[in-house]
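Each remark here refers to the structure printed beneath this line.
The values are calculated or read from the model by the stated rules, or taken from the named source; none is laboratory data. None of the values given here were measured: they were computed from a predicted structure. Ideal geometry is used to build each Cβ from the backbone, glycine not excepted, and the neighbour counts take in all protein chains shown.
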Amino acid sequence: MKIYLSIILSIIFIPLQLQAVTNDYWQRPNLIPAPKDNPITPQKIELGKLLFFDKRLSRANDISCATCHDPKHGWADGLAQSIGDKKQKGRRNSPTIINSAYLSSFFHDARATSLEEQALIPIETDVEMNISLEDVIKKLNAIDGYRKLFLEVFGDAEINKENLAKAIATFERTIVSSQTDFQKWNNGEENAMSKAQIDGFNIFNNIGKCNSCHNGFNFTNERFANVGLGDEDDLGVYEVSKSKSRIWKANFKTPTLINIENTAPYFHNGSVKSLKEVVHICGNGGKKPVKTRSPFFRDRKLNNEEVNLVVEFLKALTPPKIEIIIPTEFPK
């Protein structure tokens, strides 16, 4: 039930009054949150990184978490729909994991409410890694190198799904954005953004009302909407909700805009390739006049120049590349 109440309150999609906008409102906190039962430690981060990039966590030893969340593609995969086991195409686009430490739900339909829960779902999903948790745990327990690492991190060499999830989730929590040009500008560096980007930010907040959905330092309110793509076959949160009201149909979670310049294609189905088209769709009433479109999405009559300025602003949300040494050798 913990997911359903938040969805019910948000799916109606009546924008709430935004808090007074201050510098801190748009700034990522320095502290990375973590559950009390899964504190972040350097050893756990390193173990999680190995697991994140290890293809042995899949049925055919050919897919890792990084296959769909590749640092070279902004921690997404650059595909409209991700490719999984037996070259099967999934239904949805792979979202970035940048700043996922700060989210309260995961996947486009919010079916997971913690990073630990999220970490295990792709392992068993048939169009993703396609292996049972029982089998992957057997695999890992047969690798002496992993048993040694789990003993060091968790005090127990016997690997279980709980500790597997904790390790992967801990590594994912460390994938956080550093200072973007927008954040520098927000902190007083007047020349960090161009005039076009500043103008785009004003349109983003005022004419376009984009900040009603994309707000705060992570540029997402974590609520859900149907933006009028016309893709009504995928029912989104309707599939995980107990409610069968029409208002649930084809609603998907508002994504972060951090690093959006590098995570094309866009939306849950990867159907849009350019940021310009994304801004046009969201700012001007959707792509198609579907009946289930959320009422907040209406034509705000953004002209071509205004759309282009918002796109320029969105480029100011691109952080410096996260430097990471990708493992090439794994425990044996």
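Kindly indicate which of E162, E158, E134, E190 is free of Cβ contacts under 8 Å to residues at least 60 places away in the same chain, among the charged types (D, E, K, R) and assigned by TED's automatic domain parsing to the domain that holds P295.
Step by step, each of E162, E158, E134, E190 is checked, and only E190 is free of Cβ contacts under 8 Å to residues at least 60 places away in the same chain, among the charged types (D, E, K, R) and assigned by TED's automatic domain parsing to the domain that holds P295.
Let's see how each residue does on (1) over 22 Å from Q81 (Cα atoms); (2) of a type outside the set (A, V, I, L, M, F, W, C); (3) in contact with an Asp or Glu (Cβ under 9 Å, 6 or more places away or on another chain):
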{"position": "K253", "(1), (2), (3)": "no, yes, yes"}
{"position": "L257", "(1), (2), (3)": "no, no, no"}
{"position": "V278", "(1), (2), (3)": "no, no, no"}
{"position": "L302", "(1), (2), (3)": "yes, no, no"}
{"position": "A316", "(1), (2), (3)": "yes, no, yes"}
{"position": "I326", "(1), (2), (3)": "yes, no, no"}
{"position": "E329", "(1), (2), (3)": "yes, yes, no"}
{"position": "K332", "(1), (2), (3)": "yes, yes, yes"}
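Could you list all residues from segment 111-122 that are crowded, with 18+ Cβ neighbours inside 10 Å and touching a helix residue (DSSP H, G or I) at 6+ places or on another chain (Cβ under 6 Å)?
Passing the criteria: A112, L115, E116, A119, L120.
Go through segment 289-310 and count every residue that is surrounded by fewer than 16 Cβ atoms within 10 Å (Cβ to Cβ), among the charged types (D, E, K, R) and either out of contact with any strand residue (DSSP E or B) (no Cβ under 8 Å at 6 or more places or on another chain) or outside any loop (DSSP other than H, G, I, E, B) (or both).
So the count comes out to 4.
Mind checking which pairs have a first residue in segment 286-297 that is at positive phi and at pLDDT 85 or above and a second that is not in a loop (DSSP other than H, G, I, E, B) and not hydrophobic (A, V, I, L, M, F, W, C), Cβ under 9 Å, 6 or more apart or different chains?
G286/D299
One line per residue, one yes/no per condition, for (1) in contact (Cβ under 8 Å) with a residue 60 or more places away in the chain; (2) of a type in the set (D, E, K, R); (3) under 15 Å from S94 (Cα atoms); (4) buried (at least 22 other Cβ atoms within 10 Å of the Cβ):
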{"position": "F201", "(1), (2), (3), (4)": "yes, no, no, yes"}
{"position": "F204", "(1), (2), (3), (4)": "yes, no, no, yes"}
{"position": "G230", "(1), (2), (3), (4)": "yes, no, no, no"}
{"position": "E239", "(1), (2), (3), (4)": "yes, yes, no, no"}
{"position": "N262", "(1), (2), (3), (4)": "yes, no, yes, no"}
{"position": "K273", "(1), (2), (3), (4)": "no, yes, yes, no"}
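Only one residue in K209, K148 is of a type in the set (K, R) and outside the structural domain of S132 (by TED's automatic domain parsing). Which one?
Checking each option against the conditions leaves just K209.
Mind checking which helices (runs of 4 or more DSSP H) fall wholly inside segment 1-103 and carry at least 2 residues that are at pLDDT below 95 and hydrophobic (A, V, I, L, M, F, W, C)?
Values: elements: 2-11, 42-53, 65-68.
Of the helices (runs of 4 or more DSSP H) lying wholly inside segment 1-103, those with at least 2 residues that are at pLDDT below 95 and hydrophobic (A, V, I, L, M, F, W, C) span 2-11.
Name the residues in segment 81-101 that are buried (at least 21 other Cβ atoms within 10 Å of the Cβ) and farther than 24 Å from D231 by Cβ, would you?
If the condition is that a residue be buried (at least 21 other Cβ atoms within 10 Å of the Cβ) and farther than 24 Å from D231 by Cβ, then I98, N99, A101 are the ones that fit.
Are any residues in segment 25-37 surrounded by 10 or more Cβ atoms within 10 Å (Cβ to Cβ) and either assigned by TED's automatic domain parsing to the domain that holds N218 or over 23 Å from K161 (Cβ atoms) (or both), and if so, which ones?
Y25, W26, Q27, R28, P29, I32
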